[in-house]
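Engineer: Mind looking over this structure? Questions follow.
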Amino acid sequence: MKKLKPVFLAVIVGCTCALVLFKTVERQTIKDVDKHNAIAVQIGVFKDADNANKMMDNYGGLVFKDNDLYRVYYSILNNDENIDFITGYLSNRGINYYLKSIKVEDSLIDKSYKYETMMCKTNDESKLSINEELLNIYKEVV
């Protein structure tokens, strides 16, 4: 039994070190991948612009042309807390959505960061207003 104690201790220490190292590498990798991406909360995609505009009129958001498709984005965000708020808001109203990763320029992410920081600190109605402003910022570029 005395010989097994050092072996168990070595296994536990080794597993702990491996887990810490893995989590550190995983977090850094996720940050690098997401650096140029934002999350679009898409509520519809259409081949016909009129249908996309009808959805936008009924539910909000903006229509973005993507090749031959018209995508209705309710929101484009980077902050997890804001994404959770918007998806919860849509779910409570029975609106289906799809989270789509989109590539955006660093300057645009930097510009939206200020808005998203304010969005985290405000009440629900203000969050929705800030969300509209964010969409208008992305509308210029996406």
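Engineer: So how exposed is Glu81, as accessible area in Å² (1.4 Å probe, rounded to 10)?
Structural biologist: 100
Engineer: Can you tell me how the stretch 63-142 classifies by the Cα gyration tensor, rounded, prolate or oblate, using a/c under 1.5 as the rounded cut? Working shown, then result.
Structural biologist: Values: a/c = 1.90, a/b = 1.12, b/c = 1.69.
Here the stretch 63-142 falls in the oblate category.
Engineer: Related question: Could you work out how far apart the two model spin labels at Glu105 and Asn92 are, taking each label as a point 7 Å from the Cα in the direction of the beta carbon, and quote it in nm?
Structural biologist: The answer from the label model is 3.6 nm.
Engineer: Under a 1.4 angstrom probe, counting protein chains only, how are Lys47, Lys139 ranked by accessible area, largest first? Provide the component values of the computation, followed by the final result.
Structural biologist: Values: Lys47 170, Lys139 95 Å².
From most accessible down to least: Lys47, Lys139.
Engineer: Going by the alpha-carbon gyration tensor, a ≥ b ≥ c the square roots of its eigenvalues, is the stretch 90-135 rounded (a/c under 1.5) or, if a/c is not under 1.5, prolate (a/b greater than b/c) versus oblate? The partial results should precede the final answer.
Structural biologist: Working: a/c = 2.87, a/b = 1.22, b/c = 2.36.
Because a/c hits 1.5 or more and a/b fails to exceed b/c, the stretch 90-135 counts as oblate.
Engineer: About its Cα centre, how strong a charge dipole does the stretch 78-142 have in debye, to the nearest 20, once Lys and Arg get +1 and Asp and Glu get -1 at the Cβ? Can you show the working numbers first?
Structural biologist: Numbers: 8 positive and 12 negative charges, 33 e Å.
Roughly 160 debye, rounded to the nearest 20.
Engineer: Arrange the residues Arg71, Arg93 by how much accessible surface each exposes, largest first, with a 1.4 angstrom probe. Show your work: numbers first, answer last.
Structural biologist: On the way: Arg71 35, Arg93 130 Å².
Correct descending sequence by accessible area is Arg93, Arg71.
Engineer: Follow-up question, since we're still on this one. Could you tell me the calculated FRET efficiency between Lys121 and Val7, based on Cβ-Cβ distance and R0 = 41 angstrom, to the nearest 0.05?
Structural biologist: Details: r = 52 Å, r/R0 = 1.27.
Efficiency, rounded to the nearest 0.05: 0.20.
The values are calculated or read from the model by the stated rules, or taken from the named source; none is laboratory data. Because the structure is predicted, anything quoted here is derived from the model rather than measured. Virtual Cβ from ideal backbone geometry, glycine too; neighbours counted across all protein chains shown. The area values use the complete protein model at the heavy-atom level, side chains included, leaving out ligands, DNA and RNA. Shrake-Rupley method; radii C 1.70, N 1.55, O 1.52, S 1.80 Å.
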